[in-house]
1. Out of residues 5 or more away from Arg464 or on other chains, whose amide H comes under 5 Å of its own, with H placed 1.01 Å from N in the peptide plane?
2. At 30 angstrom or more along the helix axis (alpha-carbon based) and mean Kyte-Doolittle of -0.5 or higher, what helices does the chain contain? Whole DSSP H runs only.
3. Please list the non-local residues whose amide H lies under 5 Å from the amide H of Tyr148, H modeled 1.01 Å from N, same-chain partners needing a gap of 5 or more.
4. Quick one: what are the phi-derived ³J(HN,Hα) couplings along segment 119-125, Karplus 6.51/-1.76/1.60 with θ = phi - 60°, whole Hz, x for glycine and proline?
5. Specify whether the C-alpha gyration tensor of segment 246-325 places it in the rounded, prolate or oblate class, a ≥ b ≥ c being the square roots of the eigenvalues: rounded for a/c under 1.5, otherwise prolate if a/b is larger than b/c and oblate if not.
6. For the modelled label position 7 Å from the Cα of Leu410 along Cα-to-Cβ, which residues of segment 431-457 have backbone nitrogen atoms closer than 15 Å?
7. With θ set to phi - 60°, apply the Karplus curve 6.51 cos²θ - 1.76 cosθ + 1.60 along segment 372-387 and write out the HN-Hα couplings as whole Hz, x wherever there is a Gly or Pro.
8. List the extent of the Cα atoms of segment 368-445 along each of their three principal axes, largest first, rounded to whole Å.
Amino acid sequence: MKKLFAVMLMAISLGMSGLGLAADAAADAAPAAAVATAAAADAAAAPAAAPVPDKGDTAWMMMATVLVILMTIPGLALFYGGLVRAKNMLSVLMQVLVIFALIAVLWAIYGYSLAFTGGSPFIGGFDKLFLLGMTPESLGATFSKGVYIPEMVFVAFQATFAGITTALIVGAFAERIKFSAVLLFSVLWFTFSYLPMAHMVWYWDGPDAITDAAALEKVLAGAGFLWAKGALDFAGGTVVHINAAMAGIVGAFLIGKRVGYGKEAMTPHSLTLTMVGAALLWVGWFGFNAGSNLEATGVAALAMVNTLFATAAATVSWMLAEWIFKGKPSMLGAASGAVAGLVAITPAAGFVGAMGGIVIGLLAGVVCFWGVNGLKKLLGADDALDVFGVHGVGGILGSVLTGVFAAPSLGGTGVYDYVANKVGDYDMTAQVTSQLWGVGTVILWSGIVAFICYKIVDVLVGLRVPEDEEREGLDITAHGESAYHY
């Protein structure tokens, strides 16, 4: 009995000790659980870390920006300069250089804001006038979710596009326009044609804004008119080339033909410089096209490959067409073919496969050869340096064929579905229809705006230099200097 009693006391004692240990353990665990819960709550409440731009993407976009400047000054300037007569060489160099500088300043003041902020389907707003609120930490969206580049790099890159587009126009009315008229027209046309077209084709809220079908509808409602229509323009077939070409051909008609046109020889004074300019255009165009991907990825590599092969194909096809129909292959023809290929592949660069790019290039060489020969005669305008025949015809051809060769069945990339986060089903008919919307819109928009701008300039300062000044040459009469001294 005493043993049983002793065992019972021991059991009770151990049980009480166990309860005490359990209570102590629970007391110790409670604060730990509270800390864990608080930490989880803090983590949930804390804002997500801001995206950090990839240094490789940033470095590539800075280099691409420099390449586009190279293709404008000196590339475009020398290409155009070599094509005019010696007495007008410096006038063309001056026009290209000063237009580029002027548009760069206007881009920073109001151009970027009107092109790349929300507003309406046709033009942006004033939220970023004078680059308001922009800092080195400001980010710009790319075409991949969660991937950003510094917004300042994007601003500079797009400024070069605005500059070269406006400078392209001068080739159509070279050798007979007032310098003051060139500058005033450039300001007006940049404001009322380039900026709306850039907004219509390229403005949207970025891929991270698209999370589901409802979010996509919201993005479409706030995007540029042609972006919402589904028009594809990788690097500027509509915004740059057709846009500038329409302004050029309208100017050629309104300003009139050069004195002696069709009666006097107006041969290029230096095809050597034209060749140098064409080469610089080709090199710089890699930044123009591959840079438009905004990231150093495989798509940028695709755009680079297409810029190489399509341009080479167009050079060869133009040369062969000229050889067949004119009897001899010329340096001017080969250089013009290269530019035609660059123009035609621009809207398609990141959307079509390499073989599709070569087909576009081969067609561009032949079609643009007709554009500067047969079509030019049909139109009857003195488009001095064939801006419409190359940039207009090539831009239209490339823009439409983008809708064909972007098809995955033909080696293209298709169109990315940001809701499903994969390449969507491709409807070639629907895409070509969207491309025609883009082509038709820019033809009408730029043509009408350019006509009005020329008329305003003519009233304010006059468009054309007097006949005696034109005969003497714009280098001396407009700028008081000569390109060459013998």
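Computed from the coordinates by the stated procedures, all read-outs in this text should not be read as laboratory data. Owing to the predicted nature of the structure, the values given are computational and were not obtained by experimental measurement. Don't worry about glycine lacking a Cβ; one is built from the backbone with ideal geometry, like all the others, and counts go over all protein chains shown.
1. Lys178
2. Values: long enough: 2-45 (64 Å, 1.20); 298-326 (41 Å, 1.25); 428-460 (47 Å, 1.30).
Helices meeting the span and hydropathy rule in the chain are 2-45, 298-326, 428-460.
3. For Tyr148, whose amide H was placed from the backbone, the distant partners under 5 Å are Asp54.
4. After applying 6.51 cos²θ - 1.76 cosθ + 1.60, I find x, 9, x, 10, 7, x, x Hz.
5. On the way: a/c = 2.55, a/b = 1.80, b/c = 1.42.
Since a/c reaches 1.5 and a/b is larger than b/c, the shape of segment 246-325 is classed as prolate.
6. Only 431-436 fall inside the zone, counting backbone N under 15 Å.
7. Those phi angles translate into 9, 10, x, 5, 4, 5, 5, 6, x, 8, 8, 7, 3, 10, 6, 5 Hz.
8. 51, 27, 19
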